[in-house]
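Participant: Attaching a single structure in C-alpha cells format; questions to follow.
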Amino acid sequence: MATAPKGRLGRQAGENSDFKFAVPKHVEELRNKVLEFVETKVYALERELENSGKHGGGMGMGGLKDSSTEGARALKKLQDEAKRQGLWALGHPKQIGGGNMPFMDYIYVNEVQGRSELAQSALGTHSLQDSLMLYRHGSEDLKAKYLNRLVQAEIYPSFAMTEPDVPSSDPTQLQTYAKLEGDEWVINGRKWWTSNAMNAEYTSVFVRTEMGDDVPPHAAFSIILVPTSTPGYNIQRTVHVLGALGGDHSEVVYDNVRVPAGNIIGKRGQGFLIAQERLGPGRIFHCMRWIGQSQRAFDLMCERLVERKVRGGGQLADVQLMQEHVFDSYCDIQALRLLTLAAAEKMDSGDYARVELAAAKAWGARALCRIMDRAVQVFGAKGLTEDTPLSAMYRMARAARFYDGPDETHISSVGRLIVREYKAGRRYDFSASKAVSKPSYVKKDYK
C-alpha cells in the first residue's frame, strides 16, 4: 500500500493527530526547566544589559561580537550554563548538535522561552532558521566552515531581504542583484533591516540572479552567503527602532561584493522556495514567543492590579474597568494560542497551512500590541519608564506587525484564499480547517 507523502516537518500528510492544546505530559518537565531558567537567569541578565544601555530590545536575535565586553562575557556565561543544563538549541536537529525536539513538542518550549527576547540567544535558539537553511541547502564546504560554530553560538548569522525603496508586500520587485563572473558572484544593491549585521559572521542575501524577461518572477531569485568581512559589504547605519538606541537593524550597501560561486545556498532560482521553507516554521515560532511575551505582560498587569491601592484602601483590581483589561487580555492570549497551535498542527501534517499561518501571524501581532498596551495602561506613567520590562516589550511588540510580512499582506491573503473557495462553489469547514464541497442538499437560504 502506498504511504502518504512525508510532511515537511516529519509527519505523514493526512496522519491522524493526537494533538492537544494542553502541554503534553512528556514535555512538561523540560518546559518547566526552561521557564525557570528564563525567569531566574535570563531576566536578571536582561535587566543588567538594559541598565547598561546594551540591550535596547535587540539582543534577542544574536549576541555581542566583541567577546571582550562585559555584556558578551555575561551572555557567554549564561549560554554555557544552558549547555550544562541540557537546555541548549533544543529545536535543532541532533545531526548538527541540537536537542532534536520534535516540532510539536518544541513549540511548547518556545512558548515559555518567548517571555524574554534575550532568551533566544541565551538558549541557542536564535540560529534555528539559519542553521536549518544551511544544513538543508548549503554546500558541504559551507556547512563545514560555518554550521557547527553557528549552532554553538561561536558565530552569529544575519539575513537580508528587505530593501528601502521596494514595498515588502511584493518581494518580486527587489533590486539587489548578483551576476556570475567566472567562479565568483558579484553582488550590487542595498538592503536594510538586516538584523544583527553588526555582530554577524555572514549575511544570507536574497538577490536577483536570473535576468531574462521570460523568467517567472518567483524563479528569478537566489540566496547567497556573504561573509560580513568581504570588501564592498558596507554597513551604512544601524536603524534605531522607536527611539531605542540599542539593537541592530542595519542598512547595508553591496558595492561589487565578490564571493565564491559555491556560496549560493540551494540552487539558482530557488530563493523563494527556500525563503518560504524558512518563514513557515519561523512564523509559528514568532507566534509562540508572542504568547510568552503576552503571558509575561499579563502577569505584570495582574500583579500590579493586586498590589496597587486606590482611594479608600481598596485594590485597583476591584475596579471594573481594570477587570475588563484582564478579560480582554485573557481572551486575546487564549485565542492567539489556539490559532497558533492549530496552524502548527496543520504544518506538522505536511500542509503549507497558508490560511492558518497568515491568520495567526497577523491576528497574533495585533493581539500582542493590545496586550502590551493594556499592561502599560494599568501601570500608569510608570509603564512608560525602564522601571518595568514593559517599555522595551512594548517597542518590540509594535515591530511584530511588520517583520515576516505586514498585517495587511496576511489579512488580504486570508480573505483572498477563502473567498476563492466560495467562488468555486465550495465552503469553509472550520472543524476540518479547510474548504470542502457543499453537500448536494444545500440550497441558498436567502432571497
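Participant: Could you figure out which of (1) outside any helix (DSSP H, G or I); (2) closer than 26 Å to Ile264 by Cβ; (3) of a type in the set (A, V, I, L, M); (4) out of contact with any Lys or Arg (no Cβ under 9 Å at 6 or more places or on another chain) isn't true of Leu150?
Facilitator: Of everything listed in (1) outside any helix (DSSP H, G or I); (2) closer than 26 Å to Ile264 by Cβ; (3) of a type in the set (A, V, I, L, M); (4) out of contact with any Lys or Arg (no Cβ under 9 Å at 6 or more places or on another chain), Leu150 misses just condition (1).
Participant: Residues in the stretch 300-321 that are closer than 18 Å to Thr388 by Cα, surrounded by fewer than 14 Cβ atoms within 10 Å (Cβ to Cβ) and aliphatic (A, V, I, L, M): how many?
Facilitator: 1
Participant: Hey, does the stretch 393-413 have a residue that's within 18 Å of Lys346 (Cβ to Cβ), part of a helix (DSSP H, G or I) and either touching an Asp or Glu at 6+ places or on another chain (Cβ under 9 Å) or not assigned by TED's automatic domain parsing to the domain that holds Gly114 (or both)?
Facilitator: Yes: one or more hits.
Participant: Go through Gly98, Gly63, Gly91 for me and flag whichever is touching a Ser or Thr at 6+ places or on another chain (Cβ under 7 Å) and at pLDDT 85 or above. Talk me through it step by step, then tell me what you get.
Facilitator: Working: Gly98 fails: touching a Ser or Thr at 6+ places or on another chain (Cβ under 7 Å); Gly63 fails: at pLDDT 85 or above.
Unique residue meeting the criteria: Gly91.
Participant: Just give me the residues in the stretch 179-220 being among the small types (Gly, Ala, Ser) and loosely packed, with under 14 Cβ neighbours inside 10 Å, in sequence order. Explain how you work it out, then say what you get.
Facilitator: From the stretch 179-220, those among the small types (Gly, Ala, Ser) are 182, 189, 195, 197, 200, 204, 212, 219-220; that's our starting set.
Gly182, Gly212, listed by residue number.
Participant: Run down Gly262, Gly313, Gly266 and say which single residue is in contact with a Ser or Thr (Cβ under 9 Å, 6 or more places away or on another chain) and on the phi > 0 side of the Ramachandran plot.
Facilitator: Values: Gly262 fails: on the phi > 0 side of the Ramachandran plot; Gly313 fails: in contact with a Ser or Thr (Cβ under 9 Å, 6 or more places away or on another chain).
When all the criteria are applied, what remains is Gly266.
Participant: Another question about this same structure. Failed condition for Glu324, given (1) surrounded by 14 or more Cβ atoms within 10 Å (Cβ to Cβ); (2) free of Cβ contacts under 8 Å to residues at least 60 places away in the same chain, with all others met?
Facilitator: In the conditions (1) surrounded by 14 or more Cβ atoms within 10 Å (Cβ to Cβ); (2) free of Cβ contacts under 8 Å to residues at least 60 places away in the same chain, Glu324 misses (1) alone.
Participant: From the list Ala359, Ala343, Ala335, Ala297, pick out the single residue that is under 25 Å from the mean Cα position of the chain (by Cα), closer than 20 Å to Ile418 by Cβ and surrounded by 23 or more Cβ atoms within 10 Å (Cβ to Cβ). Walk me through it before giving the result.
Facilitator: Working: Ala359 fails: surrounded by 23 or more Cβ atoms within 10 Å (Cβ to Cβ); Ala335 fails: surrounded by 23 or more Cβ atoms within 10 Å (Cβ to Cβ); Ala297 fails: closer than 20 Å to Ile418 by Cβ.
Answer to the selection: Ala343.
Participant: Run down Ser329, Ser349 and say which single residue is among the polar types (S, T, N, Q) and either under 30 Å from Lys309 (Cβ atoms) or not assigned by TED's automatic domain parsing to the domain that holds Leu300 (or both).
Facilitator: Values: Ser349 fails: either under 30 Å from Lys309 (Cβ atoms) or not assigned by TED's automatic domain parsing to the domain that holds Leu300 (or both).
Unique residue meeting the criteria: Ser329.
Participant: If you don't mind, another one. Specify the residue that is modelled with the lowest pLDDT; the eligible residues are those in the stretch 400-416 that are surrounded by 15 or more Cβ atoms within 10 Å (Cβ to Cβ) and either farther than 19 Å from Pro171 by Cα or of a type in the set (Ser, Thr, Tyr) (or both).
Facilitator: Checked the stretch 400-416; the qualifying residue modelled with the lowest pLDDT is Tyr403.
Participant: Are any of the residues in the stretch 364-376 in the same structural domain as Leu321 (by TED's automatic domain parsing), in a helix (DSSP H, G or I) and under 13 Å from Ile284 (Cα atoms)? Let's see the steps before the verdict.
Facilitator: Step one: list which residues in the stretch 364-376 are in the same structural domain as Leu321 (by TED's automatic domain parsing), which gives 364-376.
Pick out the ones that are also in a helix (DSSP H, G or I) and you get 364-376.
With under 13 Å from Ile284 (Cα atoms) added as a condition, the list becomes 364-365.
For the stretch 364-376, residues in the same structural domain as Leu321 (by TED's automatic domain parsing), in a helix (DSSP H, G or I) and under 13 Å from Ile284 (Cα atoms): present.
Participant: Scan Tyr441, Tyr428 and give me the residue that is surrounded by fewer than 18 Cβ atoms within 10 Å (Cβ to Cβ), not assigned by TED's automatic domain parsing to the domain that holds Leu300 and not in a helix (DSSP H, G or I).
Facilitator: Working: Tyr428 fails: not assigned by TED's automatic domain parsing to the domain that holds Leu300.
From the options Tyr441, Tyr428, the qualifying one is Tyr441.
Participant: Might you let me know whether the stretch 199-217 holds any residue that is modelled with pLDDT of 95 or more and on the phi > 0 side of the Ramachandran plot?
Facilitator: No, because not a single residue in the stretch 199-217 is modelled with pLDDT of 95 or more and on the phi > 0 side of the Ramachandran plot.
Participant: Hey, any hits in the stretch 282-293 for a residue that's exposed (fewer than 14 other Cβ atoms within 10 Å of the Cβ), of a type outside the set (Ser, Thr, Tyr) and out of contact with any Gly (no Cβ under 7 Å at 6 or more places or on another chain)? Steps first, answer last, please.
Facilitator: Step one: filter the stretch 282-293 for residues exposed (fewer than 14 other Cβ atoms within 10 Å of the Cβ), giving none.
Looking through the stretch 282-293, none of the residues is exposed (fewer than 14 other Cβ atoms within 10 Å of the Cβ), of a type outside the set (Ser, Thr, Tyr) and out of contact with any Gly (no Cβ under 7 Å at 6 or more places or on another chain).
The values are calculated or read from the model by the stated rules, or taken from the named source; none is laboratory data. None of these values were measured; they are calculated from a predicted model. When we count neighbours, we look across all protein chains shown, and the Cβ atoms used for this are built from the backbone with ideal geometry, even at glycine.
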